Amino acid sequence: MPTRASEIRRLLESKRHQFNRADDQFQSLLQLYRDAFRQLVRLPDSWTDGHLLDLPLSLDGSLWRFPERWPHREASLDWARSQIQGVTTFAVDGSQIYPSKDFSLPIALVQIAWFENPHQLNQPYTKDIAVDLLAPADFQDLSPENFDRLVNIRRFQMETERLVQFLESHAGQPNCCAFLDGSLVATFAEAFEAETQQVYIDCLVRLLRASENSRVPLIAYIDTSSAKDLAELLQDWFEELPEPRSLVDAQIVAQGLRWGDRTPLLRCRRSILKAYAEQGDRLAYCYLKTHDGNPVRIELPLWLVESGRHETVLNWLRAEVIAGGGYPYAIETADQAAVLRSDDRQLFYRLLQEWCEQEGLNLSLSRKLVSKLRRR
């Protein structure tokens, strides 16, 4: 039966006081952390133990104000073109088809796509894909509940390997930039066993080294971040602060940010970075306002800050966001090229079935899948 809207509204109304109390508590906690953040950025660098990497430039002392303002979208596009002209941007994304219970053996497909744009009238962009197949032998030492994890690892390896190839092939070229859709900090892997954690860490360390060695900028873009680096730093410095609970950094810094504004750059010192060898203390982050929601998290290698090029590169990012209508155009384009849709999935299954029959392999399919493949 369909859900009764009237019943849901009645339940919400009956618990209104609980929602109000929770919101009041959250707003009070948020204000405490915002006040602490404004105090933190006024402290001498030695007091903050090297966390603060650049001084804020704003009246309230906590923001880098973006100076440009435009009367209409065409003006913003003109500015974006002036920043990105002649700059080669690169992004990669991936998609996958996980092992299916409809097959008697575990088989998976991973596809990555990349988009390279030189932003030159006489030079075309490049959009291409690479595909890999995970065969039953790849899964033989795993339990079924870990099959998807292996596929995710392979996708991550392929994405980062392709980024490394771009960085190394453009070594020494000043007007290039690679974008990673996701974090350079492998906190997301902490829930896994040590061996899996190390795979992700190795990929990211190689990526950071490739950027530093090639001197090609690398920007990690996290649109919806649940990071608490700043919240935890504030709690360390201001002992009277209560636990941040569900509060995240992006909420703390959101107040007062206009489009293009950012927070000061801070050094990332999350515990998992201790496994990053020489790159463990060479990662910076800030929060940048790029749309109507909370600011996005930006991560970048410390060498880029030390070189003094970071603001130029952040303007390249702002230009990409303008072109993409709120999301970096290069990342968005790579994502669209990489995605495996339902038709792709059915094509893969049909090709797999036909090939197994041709080779005389005993691969059984569920009757439900056989029926679908016949109809399509």
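The values are calculated or read from the model by the stated rules, or taken from the named source; none is laboratory data. Computed from a predicted structure; not experimentally measured. Virtual Cβ from ideal backbone geometry, glycine too; neighbours counted across all protein chains shown. When the accessible area is computed, the model is the full protein with side chains, heavy atoms only, and any ligands, DNA or RNA have been set aside. Shrake-Rupley method; radii C 1.70, N 1.55, O 1.52, S 1.80 Å.
Can you list the residues, at least 5 places off or on another chain, whose amide H is less than 5 Å from the amide H of residue 88, using H built in the peptide plane?
For residue 88, the qualifying residues are 176, 177.
Quickly work out the residue 254-to-residue 187 label distance, labels modelled 7 Å from Cα along the C-beta direction, and quote it in nm with one decimal.
For residue 187 paired with residue 254, the spin-label model returns 1.7 nm.
Counting other Cβ atoms within 10 Å, which GluC sites (Glu not before Pro) in region 91-199 have at most 14 and lie in a DSSP loop? Spell out each step's value before the answer.
On the way: sites: 116, 145, 159, 161, 168, 190, 193, 195; in loops: 190, 193.
Sparse-neighbourhood loop GluC sites (Glu not before Pro): 190, 193.
If you stretched the chain out fully between residue 42 and residue 85, how much longer would it get, using 0.36 nm times the residue separation minus the C-alpha to C-alpha distance?
Details: separation 43, 0.36 × 43 = 15.48 nm, distance 3.68 nm.
Extra length available between residue 42 and residue 85 comes to 11.8 nm.
Nearest 0.05, what FRET efficiency do residue 171 and residue 75 give at R0 = 51 Å with Cβ-Cβ as r?
In this case the efficiency is close to 0.90.
Provide the gained length on full extension for the span residue 141 to residue 196, in nm with one decimal, where the gain is 0.36 nm per separating residue minus the Cα-Cα distance. If you can, show how the numbers build up before the last one.
Working: separation 55, 0.36 × 55 = 19.80 nm, distance 1.40 nm.
Contour length minus the Cα-Cα distance gives 18.4 nm.
Using the basic label-point model (7 angstrom from Cα toward the beta carbon), what is the residue 240 to residue 126 distance in nanometres?
5.8 nm
Output the relative contact order of region 225-285, whole-number percent, from Cα pairs under 8 angstrom with separation of 6+ residues. Can you show the working numbers first?
Numbers: 47 pairs, mean separation 17.4, N = 61.
Contact order relative to length: 29 percent.
Multiply the residue gap between residue 98 and residue 344 by 0.36 nm, knock off their C-alpha separation, and tell me the result in nm, one decimal place. All intermediate terms of the calculation are to be shown ahead of the outcome.
Working: separation 246, 0.36 × 246 = 88.56 nm, distance 1.27 nm.
Net length gain for the segment: 87.3 nm.
At 1.4 Å probe size, with the rest of the protein present, what percent of the exposed accessible area of region 60-131 is carbon and sulfur atoms?
Details: 1890 of 3650 Å².
In region 60-131, the share of accessible area belonging to carbon and sulfur is 52 percent.
All other residues with a Cβ under 11 Å from the Cβ of residue 128 taken together, and with Lys, Arg as +1 and Asp, Glu as -1, what is their net charge?
On the way: positive: 127, 162; negative: 116.
Its environment carries a net charge of +1.
Which of the peptides 87-97, 102-112 is most tightly packed, and how do the rest follow, going by the mean number of other Cβ atoms within 10 Å of each residue?
On the way: 87-97: 23.8, 102-112: 20.0.
Listed from highest to lowest mean packing, they are 87-97, 102-112.
Using a 1.4 Å probe on the protein chains only, how many percent of the accessible area of region 182-225 belongs to carbon and sulfur?
Solvent-exposed carbon and sulfur of region 182-225 make up 49 percent of the total.
Quick check: pseudo-label points 7 Å beyond the Cα along Cα→Cβ at residue 16 and residue 161, how many nm apart are they?
Placing both labels 7 Å along Cα→Cβ, they lie 5.9 nm apart.
Any idea what the dipole of region 218-341 comes to, in debye rounded to 20, about its Cα centre with Lys/Arg Cβ at +1 and Asp/Glu Cβ at -1?
Taking the Cα centre of region 218-341 as origin, the dipole is about 220 debye.
Placing +1 on the Cβ of each Lys and Arg and -1 on the Cβ of each Asp and Glu in the chain, which of 152, 217, 337 has its Cα farthest towards the positive end of the resulting dipole?
The residue sitting most towards the positive pole is 337.
Can you give me the C-alpha center-to-center distance between region 77-98 and region 119-174, rounded to a whole angstrom?
Their Cα centres are 17 Å away from one another.
Measure off, as a whole percent, the carbon and sulfur share of the 1.4 Å-probe accessible area of region 229-376, all protein chains present.
Numbers: 3140 of 6790 Å².
Taking all protein chains in place, region 229-376 shows 46 percent carbon and sulfur surface.
Accessible area per residue, 1.4 Å probe, Å², for region 96-211: what's the number?
Values: 5670 Å² over 116 residues.
That works out to 49 Å² for each residue.
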